[in-house]
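Notes follow once the structure below has been shown.
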Amino acid sequence: MTNDVAIIGVGMHPFGRFDKTAMQMGTHAIRAALADAGLEWKDIQFAVGGSWEIANPDAIVGMMGLTGIPFTNVFNACATAASATEAVADAIALGKYDIGIAIGLDKHPRGAFTVDPTLVGMPKWYGENGQYLTTQFFGMKANRYIHEHGISPQTLAKVAAKNYRNGVLNPNAFRRKPIDEQAILDSPMLNYPLTHMMFCAPDEGAAAVIMCRADLAHKFTAKPVFVKAVEVRTRTYGAYEVNTTYAPVQEVAAPSVFAARAAFEKAGIGPEDVGIIQLQDTDAGAEVIHMAEAGFCADGDQEKLIADGATEIGGSMPVNTDGGLIANGEPIGASGLRQLHELVHQLRGTAGDRQVPGNPTAGFALLYGAPGTAGATVVSL
């Protein structure tokens, strides 16, 4: 028999660029999550933390208080936070602990995603021959996808503009100014069809999520959010993914497809039951692709859905209501916990000006990390 798991506290340090260390931002997020749950650091029984830049996130206990708790470090590129969330949720579900915290923190310099491929375990030649991750590979992937499924560059601009608008409503966002579609299309072309303003930026920030046994949750919050599933998957042989295998490229689904399917199966609900969605939008093309990969529409349907406003805050399938990566930027270890922060506030009805109407009862988050690791999370009331 396993325990159900609930989220009882969420906290964030704003995303952007700051004159402080990643550890300092991490402690800010932890304290915010503790305050949200009405707990003290001494109440936390264990922690899992993740970062790209920080080799030992566990050192944060020296700033929070040396209580002797177990602390496990994880790293799975942009899927790091899903891995941390899964580790905390599983430990509570299996009865090892009652209350734990997942922490993500990072501090990236400008250009961090395009300078040195070896930082994420890829060979140096990968960047030297023009295939490096954020601009080159994802540009090629988006180019292939929009060609095959009849999606226009104007639709990608609509995605980015929507996320910038949502970022204006989010006090924790990095980019908080609206940018119209034409300005996005007119910004420098980095790799067709993706222009400069269709990409997220490396930046700084931290986020934390506190979980507990579900039967204890009402001691801490009147509206707990339950973790129904967290699933992580890697790419399969021959898939068209970053740093792929040497096999011929085949029509093999991306790891995000398998992660999403597994999460929905475990949660016992489907995409049609989800009222609030967070998708990895390293670039505008990624958000479009992940809409289909996660099962929210068929390939090619995005053009009409986005034109009709389905992914807007007031639409039928709101996506990245906090501005996503495009508005928030990406401190890698913290990004997925930012997604959960947004889902929890949306399900509680406390998202303020960006609150989705209709009282959503279930949320979904998808992370995609190089070289091909995806994490999918389903939460509900």
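Each value in this text was obtained by applying a stated rule to the coordinates, not by laboratory testing. Since we're looking at a predicted model, the values are computed, not measured. FYI the Cβ positions are ideal-geometry reconstructions off the backbone, even for glycines, and counts take in every protein chain you see.
Quick check on segment 48-95: take the gyration tensor over C-alpha atoms, sort the square-rooted eigenvalues as a ≥ b ≥ c, and tell me if it's rounded (a/c under 1.5), prolate or oblate. It is oblate, given that a/c is not under 1.5 and a/b is not larger than b/c.
Along the chain, counting only GluC sites (Glu not before Pro) with a DSSP assignment other than H, G, I, E or B and at most 12 other Cβ atoms inside a 10 Å radius, the longest segment between sites is 41-250.
Counting chymotrypsin sites (Phe, Trp or Tyr not before Pro) as exposed when in a DSSP loop with at most 12 other beta carbons within 10 Å, what is the longest stretch of the chain free of them? Excluding the exposed sites themselves, the longest stretch runs over 1-236. In this structure the amide hydrogen of residue 276, modeled in the peptide plane, comes within under 5 Å of the amide hydrogens of 362, 364, none closer than 5 places in sequence on its chain. Overall form of segment 1-111: prolate. Here a/c, set by the Cα gyration tensor axes a ≥ b ≥ c, is 1.5 or more, and a/b is the larger of a/b and b/c. Helix 138-149 and the longest principal axis of the Cα set of the chain meet at an angle near 70°.
Take the Cβ atoms of residue 24 and residue 98, set R0 to 22 Å, and the FRET efficiency comes out at 0.15. For residue 187, the shell of other residues with beta-carbons less than 15 Å away shows a net charge of -1, using +1 for Lys and Arg and -1 for Asp and Glu. Coupling constants for segment 56-67 follow from the phi torsions by the Karplus curve (6.51 cos²θ - 1.76 cosθ + 1.60, θ = phi - 60°), and in residue order they are 10, x, 4, 5, 5, 5, x, 9, 8, x, 8, 8 Hz; glycine and proline get x. Take the alpha carbon gyration tensor of segment 157-204, find the square roots of its eigenvalues, order them as a ≥ b ≥ c, and report rounded if a/c is under 1.5; if not, report prolate when a/b exceeds b/c, else oblate. Oblate. Other residues with beta-carbon under 12 Å from the beta-carbon of residue 33 carry, at +1 per Lys or Arg and -1 per Asp or Glu, a net charge of -2. Considering only 333, 363, 284, the residue lying farthest towards the positive end of the dipole of the chain is 333, judged by Cα position with unit charges set on Cβ. Tell me, how many Å apart are the Cα centres for segment 1-73 and for segment 315-352? Spelled out, the Cα-based centre of one part sits 18 Å from the other.
Of all DSSP-defined beta bridges confined to the chain, some 70% are antiparallel rather than parallel. Each other residue within a Cβ distance under 13 Å of residue 206 adds +1 if Lys or Arg and -1 if Asp or Glu, for a net charge of -1. Ordering 42, 228, 223 from the fewest to the most neighbouring beta carbons within 10 Å gives 42, 223, 228. Between residue 40 and residue 149, the simple spin-label model (points 7 angstrom out along Cα→Cβ) gives 5.1 nm. Across every pair of non-identical alpha carbons in segment 230-381, the mean reciprocal distance, once inverted, gives a Kirkwood radius of 15.6 Å.
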